[in-house]
1. Please state which of the following conditions V180 fails to meet, knowing it meets all the rest: (1) modelled with pLDDT of 80 or more; (2) more than 17 Å from the chain's Cα centre (by Cα); (3) open to solvent by less than 70 Å² (accessible area, probe 1.4 Å).
2. Within region 243-273, how many residues turn out to be out of contact with any helix residue (DSSP H, G or I) (no Cβ under 6 Å at 6 or more places or on another chain), in contact (Cβ under 8 Å) with a residue 12 or more places away in the chain and not in a strand (DSSP E or B)?
3. What is the number of the single condition among (1) among the polar types (S, T, N, Q); (2) assigned to a loop (DSSP other than H, G, I, E, B); (3) surrounded by fewer than 20 Cβ atoms within 10 Å (Cβ to Cβ) that T319 does not meet?
4. Suppose we keep only residues that are of a type in the set (V, I, T) and within 15 Å of A99 (Cα to Cα) within region 317-362. Which one would you say is farthest from the chain's Cα centre (by Cα)?
5. Looking at region 279-293, which of its residues are in contact with a strand residue (DSSP E or B) (Cβ under 8 Å, 6 or more places away or on another chain) and surrounded by fewer than 21 Cβ atoms within 10 Å (Cβ to Cβ)?
6. Among what's in region 64-82 and is modelled with pLDDT of 80 or more and open to solvent by 50 Å² or more (accessible area, probe 1.4 Å), pick the residue that is farthest from the chain's Cα centre (by Cα).
7. In region 191-229, which residues are open to solvent by 50 Å² or more (accessible area, probe 1.4 Å) and either in contact with a His (Cβ under 8 Å, 6 or more places away or on another chain) or without any contact (Cβ under 8 Å) to a residue 60 or more places away in the chain (or both)?
8. Count, please, the residues in region 354-379 that happen to be buried (at least 19 other Cβ atoms within 10 Å of the Cβ), in a loop (DSSP other than H, G, I, E, B) and either at pLDDT 95 or above or in contact with an Asp or Glu (Cβ under 8 Å, 6 or more places away or on another chain) (or both).
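The values are calculated or read from the model by the stated rules, or taken from the named source; none is laboratory data. Here the structure is a predicted model, which is why all the values come from computation and not from measurement. Here the Cβ positions follow ideal geometry from the backbone for every residue, glycine too, while neighbour counts run over all protein chains shown. When the accessible area is computed, the model is the full protein with side chains, heavy atoms only, and any ligands, DNA or RNA have been set aside. Shrake-Rupley method; radii C 1.70, N 1.55, O 1.52, S 1.80 Å.
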Amino acid sequence: MAITTRGRRPRLPDLLAATLVVALAAALGCTPRSFTNPPTNLLDSSWYNRTPPPDPYPDPDSTLSDGLASVFGDGMLPMPTAGGPQNVLVISGGGKYGAYVAGILCGWTENGTRPTFDVCTGISSGALIASLAFLGPKYDARLAREFNNVGQRDILRFRPVRGLLFNRGLATSAPLRELVERNLDDEAFADMRAAHHAGRRLFVATVSLTTQRAVVWDVGAVATSGRPDARELVYKIMIAACSIPGVMPPVEFDIELNGQRYQELHVDAGNVIQAFVQTPRGLPPGSNVYIVASGKIYRDPLDENPRFLKVMAASVSNTMYALFRESAYKMYALCAVTGSNFHLNAVPTTLKIEPGSMTFKKEEMRLLFDVGRQSAVGGVPWRRTPPSSQPGETMVPRTGLEYTAEGCGPWQGRPVEPVPGP
């Protein structure tokens, strides 16, 4: 029986076109270029730098689990980490909503209370923002310029046929590379190396398509490694961090493991991890962890009759929002067991903007930037509690179909006070 679509047989031109594309791909050898994975038995094991860095890179998850175990076991917190308090900036992924974070940083500078960040971490669009935040207020003008003027074609250009045949993606990331090179120029690269030598750290996460696990890069260590390709490697890390899986081509890295050469493909880590804390030597008591979300705490409600595509898109989006909330809650617990100060800021729920983090429209980007900047000029309104802990955020079991509403949604149930300084 012939395959039909909506009760009709496929048209001959459609079949001929599909056959032509497949034949052309085979003739040109356009199947994705093969690459060599590390052996399966090594993929699930821990990998260590062949040349150990001077930093011990303690695992925040281990610190958290050890701290919680101590509390539940003997009621005592673990011994505090030595050293002075750290100022840690954490920026989540969020596509166009990164414009809000850029505005927060610029307004924070204008307020005069923005600290020098000892550590910056970033996911997705937050990776590039974190790199400029790491370099200091000197680079605020670049943040303002990019996030007030960037559009979709400044990030990617759709080339579905060519992308599927050659690049493992529907679009080219050439515009993204231009954006990265424009902002991490000679001056920025020199400042990045100087900041690393001064003991400050920049961490960016990607995800390996083979293991589907997050990979954290010490970008400053790469920049100061002395490798002849150090700068190119930094560019590749940044591009991979922002490359949407399936839409943009993954970035290939040639690696060496136990003396053998292999390849890895890396993309945006936003579907695995939304925000993270990583420090070179732990999180000493009194440290400040500043988390700025590239988005809202909860997704906006659907205000129309849900249809198939909207339901599917909302489901994927909801997963990302939930992943951020879980990441934020984990960082709150980490602050609790290390004696650090938790700060959280996100796009206000009252700001109405078109759903979808990848709809890079300049007017929306400017609005997000302006809202972030204006809210920070008078003192960043930090939230000190984790998600799902304020009125309007808790899940109350339903006992029927008759309800009353308090009229307060997330962020409106409890006042949030500006914090004057670190």
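1. (2)
2. 11
3. (2)
4. Our first condition is that a residue be of a type in the set (V, I, T); within region 317-362, this holds for 319, 337-338, 347, 349-350, 353, 359.
If we keep only those that are within 15 Å of A99 (Cα to Cα) too, we end up with 347, 353, 359.
Working: V347: 15, I353: 20, T359: 17 Å.
For region 317-362, the residue satisfying everything is I353.
5. The answer is G286, and nothing else.
6. Looking at residues that are modelled with pLDDT of 80 or more and open to solvent by 50 Å² or more (accessible area, probe 1.4 Å), I get A69.
7. Once the filter is applied, which keeps residues that are open to solvent by 50 Å² or more (accessible area, probe 1.4 Å) and either in contact with a His (Cβ under 8 Å, 6 or more places away or on another chain) or without any contact (Cβ under 8 Å) to a residue 60 or more places away in the chain (or both), region 191-229 yields R193, A194, H197, A198, L209, R213, S225, G226, R227, P228, D229.
8. 1
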